[in-house]
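The values are calculated or read from the model by the stated rules, or taken from the named source; none is laboratory data. This is a predicted model, so every value here is computed, not measured. Here the Cβ positions follow ideal geometry from the backbone for every residue, glycine too, while neighbour counts run over all protein chains shown. SASA here: full protein model, heavy atoms, side chains in, ligands and nucleic acids out. Shrake-Rupley method; radii C 1.70, N 1.55, O 1.52, S 1.80 Å.
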Amino acid sequence: PALGYVVRGEAATYFAGDTGLFDGMAEAVGAVDAALLPVGGWGPFLGHGHLDAGRAALALARLTARDAVPVHYGTYWPIGMDAVRPHEFHAPGDDFVRHAARLAPDATVHRLGHGESVRLEAGG
């Protein structure tokens with residue numbers, strides 16, 4: 001089974017790994033300040049055990065994290081597929097931003113480009 005991790009210190013960060021959306025997610029994860037949520041993969045259908053952009057936004061809404069970073073998209077792609085299905089490679093981050101704005105409007109989404117970073121302040 002897929003699993004994620006919560007790292008606690010001055011702030012709590014949830015890294016969902018390949019975890020899918022599940023009942024009781026908020027209770028199992030607990031209170032977190034930031035959530036790193038997978039929003040894509042390298043194929044057209046990820047399956048129910050994984051998050052896509054829409055399910056990741058639902059997870060963010062359930063978790064009520066203050067900050068979110070979409071991950072797990074736009075890096076690994078079979079050679080030549082970018083010309084055939086570029087939307088599946090590039091779109092998940094933008095799709096997550098759009099879904100999160102609707103489903104978790106109080107969260108700040110940090111859509112990072114390759115090599116970019118963000119420093120989140122503990123406790124707000």
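Scanning the stretch 83-100 for residues that are open to solvent by 70 Å² or more (accessible area, probe 1.4 Å) and either modelled with pLDDT of 95 or more or not in a loop (DSSP other than H, G, I, E, B) (or both) turns up Ala83, Val84, His87, His90, Asp94, Arg98.
Residue pairs whose Cβ atoms lie under 8 Å apart, sitting 6 or more positions apart in sequence or on different chains, and linking a residue in the stretch 96-124 that is among the charged types (D, E, K, R) to a partner that is open to solvent by 50 Å² or more (accessible area, probe 1.4 Å), are Asp106/Thr64; Asp106/Arg66; Arg111/Asp94; Arg111/Val97.
Reported count of residues in the stretch 50-69, each being at pLDDT 95 or above, outside any helix (DSSP H, G or I) and buried (at least 22 other Cβ atoms within 10 Å of the Cβ), is 3.
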